[in-house]
């Protein structure tokens, strides 16, 4: 299977340096901006940090995921299409599942981290205190 082959890893490395590699900078920046915006909105609504909410509150998981997916649907689709185009330009073939994985990873990880951190900072600023650094990452 392609996903578990050495060829998959070689193809991933080629995408990082091939045509359209700028997307690995632009897309995470867009995801971070969206995450910060949504983290501030979460803080104003009084909801806990995004990743913490996903992991610690199973009853809220559906709401949290729906909110994130609704905000990220178009950027993830764009990321997937950009990766498919890059695959075609580099390899003259397209593997759809890796394109979806790359599109979701490049947008989802920075978004989730930025949303949680922005929520914590905004909440701390509203309370007039600096965020506590207790060694936990959310």
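With the simple spin-label model, which puts each label point 7 Å out from Cα in the Cβ direction, the residue 101 to residue 10 separation comes to 1.7 nm.
Using just its DSSP H runs of length 4 or more, each adding -39500 (n - 2.57), the chain gives a mean residue ellipticity at 222 nm of -27000 deg cm²/dmol after division by all residues. Of the residues 21, 112, 70, the one that moves most in a GNM of the chain with alpha-carbon contacts below 10 Å is 70.
Projecting label points 7 angstrom from Cα along Cα→Cβ for residue 41 and residue 81 puts them 2.2 nm apart.
Axis of helix 58-91 versus longest Cα principal axis of the chain: the two differ by about 30°, to the nearest ten degrees.
With the simple model of a label 7 Å out from the Cα in the direction of the Cβ, residue 25 to residue 88 spans 2.5 nm. Principal-axis analysis of the Cα atoms of the chain puts helix 96-127 at an angle of about 20° to the longest axis. In the stretch 18-127, the inverse of the mean reciprocal separation of distinct Cα atoms equals 14.6 Å; this is its Kirkwood hydrodynamic radius.
Counting only alpha carbon atoms, the long axis of helix 6-17 and the longest principal axis of the chain meet at about 70°.
Computed from the coordinates by the stated procedures, all read-outs in this text should not be read as laboratory data. Bear in mind the structure is a predicted one, so any value in this text is a computation, not a measurement. Cβ sites come from the backbone with ideal geometry, for glycine too, and all protein chains shown count toward neighbours.
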